[in-house]
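So the structure is just underneath, and the comments pick up after that.
The values are calculated or read from the model by the stated rules, or taken from the named source; none is laboratory data. The structure presented is a predicted model; accordingly, all values stated were derived computationally and were not measured. A quick note on method: Cβ atoms are made from the backbone with ideal geometry, for glycine too, and the neighbour counts reach across all protein chains shown. Note: accessible area is taken over every heavy atom of the protein model, side chains too, but ligands, DNA and RNA are not part of it. Shrake-Rupley method; radii C 1.70, N 1.55, O 1.52, S 1.80 Å.
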Amino acid sequence: CEECRLREEKDLAHLYSNISMAGGVLKCVLLLVCVAQAFCVTSFFLKEGVRKCFIEDIPKDTLVVGSYQAWDLEQNEFKPEGSQSREKESPLGMKVQATGPNKESLVQREGGATGRVAFTSKASGEHEICFQTNSTRWFGVGTVRVDLDLVTGAETTDYADLARAEHLTELEVFIRRLNDRVSDIRREQAYFKQREMEFRDESEDTNARVMWFSVVQTLFLLVSGVWQVKHLQGFFQSKKLV
């Protein structure tokens, strides 16, 4: 009937409108994620010959990628109090080393002012990524600025290249990114669950030690009190005071 057909067309139009709205929301969320990742860059000052390290607490089998860019400070540029620009008699270079929770070396490289370092964690725990200039001085130590972009897990994937290679739509790219992020969250949850179990066992062990220490202390005080009473009783009897 005509009324049923009009109702179906109205329902289809409403459905298409909801799909378009959902697509717009997904595009906005994807844009916000991209913008947030674009500004996740850490800048710090590094003196010649001084080693500066960053600690990342990451689970096992997690890819870590760090991109860095070192800059010589200009005379009119802001610099920490007491620091000075580096003497540009030699090209600026950086030494980068990453170590695992057991202090094992995961990657070690020496290159120019711009570089990229990547490694996969072999064990869960705190990983150190250290930076140092390739020049050292006894006097006139200079300072450089380093911009570091450190990403882990799904954030290391270039989804733009992935979309071009696999001919994915924006929605498919967003779903792929979301699935990868969920996998990272599950891995982190499993890691933190393991950490929570270790802390709980350590806390219970500490509580047991405190309890037994209190029991031993109480028994010692009781034995000491009984001994003091017996000693005083014997003393008074020897002096014929009782």
Item to complete: Express the accessible area of the range 150-198 per residue in Å², computed with a 1.4 Å probe while the remaining protein chains stay in the model.
Response: 69 Å²
Worksheet entry | With DNA, RNA and ligands ignored, accessible area of residue 239 (1.4 Å probe; Å², nearest 10) | 120 Å²
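Full extension from residue 180 to residue 116: what is 0.36 nm times the residue separation minus their Cα-Cα distance, to one decimal in nm?
20.8 nm
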Discussion item. Using 19 Å as the Cα-Cα cut-off, could you pick out the over-long pairs in 47/103; 103/193; 60/193; 52/193; 52/122?
Written reply: 47/103; 103/193; 52/193; 52/122
Practice prompt. Could you please put 176, 116 in sequence from largest to smallest accessible area, using a 1.4 Å probe?
Written response: 116, 176
Worksheet entry | Backbone HN-Hα couplings from phi across the range 195-204 [Karplus 6.51/-1.76/1.60, Hz, Gly and Pro as x] | 4, 5, 5, 5, 5, 5, 4, 5, 5, 5
Worksheet, complete the sentence: So for R0 = 30 Å, FRET eff. of residue 104-residue 151 from the Cβ-Cβ r, to 0.05, ends up at 0.85
Fill in: Probe 1.4 Å, all protein chains present, accessible-area order of 221, 150, 46, 232, largest first
221, 232, 150, 46
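Using a Förster distance of 35 Å, how high is the FRET efficiency between residue 228 and residue 208, based on the Cβ-Cβ distance and rounded to 0.05?
Details: r = 30 Å, r/R0 = 0.87.
The pair residue 228/residue 208 has a calculated efficiency of 0.70.
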Response to the item:
Diffing the range 100-106: the Karplus 3J(HN,Hα) column from phi (6.51, -1.76, 1.60, θ = phi - 60°), in whole Hz with x for Gly and Pro, holds x, x, 9, 6, 7, 7, 9
Worksheet item: What accessible surface, in Å², does a 1.4 Å probe find on residue 171, ignoring ligands, DNA and RNA and rounding to the nearest 10?
Response: 90 Å²
Worksheet item: Just the accessible area for residue 185, please: 1.4 Å probe, Å², rounded to the nearest 10?
Response: 70 Å²
Worksheet item: Picking from 175, 208, 223, whose Cα lies most toward the positive end of the charge dipole for the range 149-242 (charges on Cβ: Lys, Arg +1; Asp, Glu -1)?
Response: 223
Fill in: Shape category assigned to the range 88-236 from the gyration tensor of Cα positions, a/c cut at 1.5
oblate
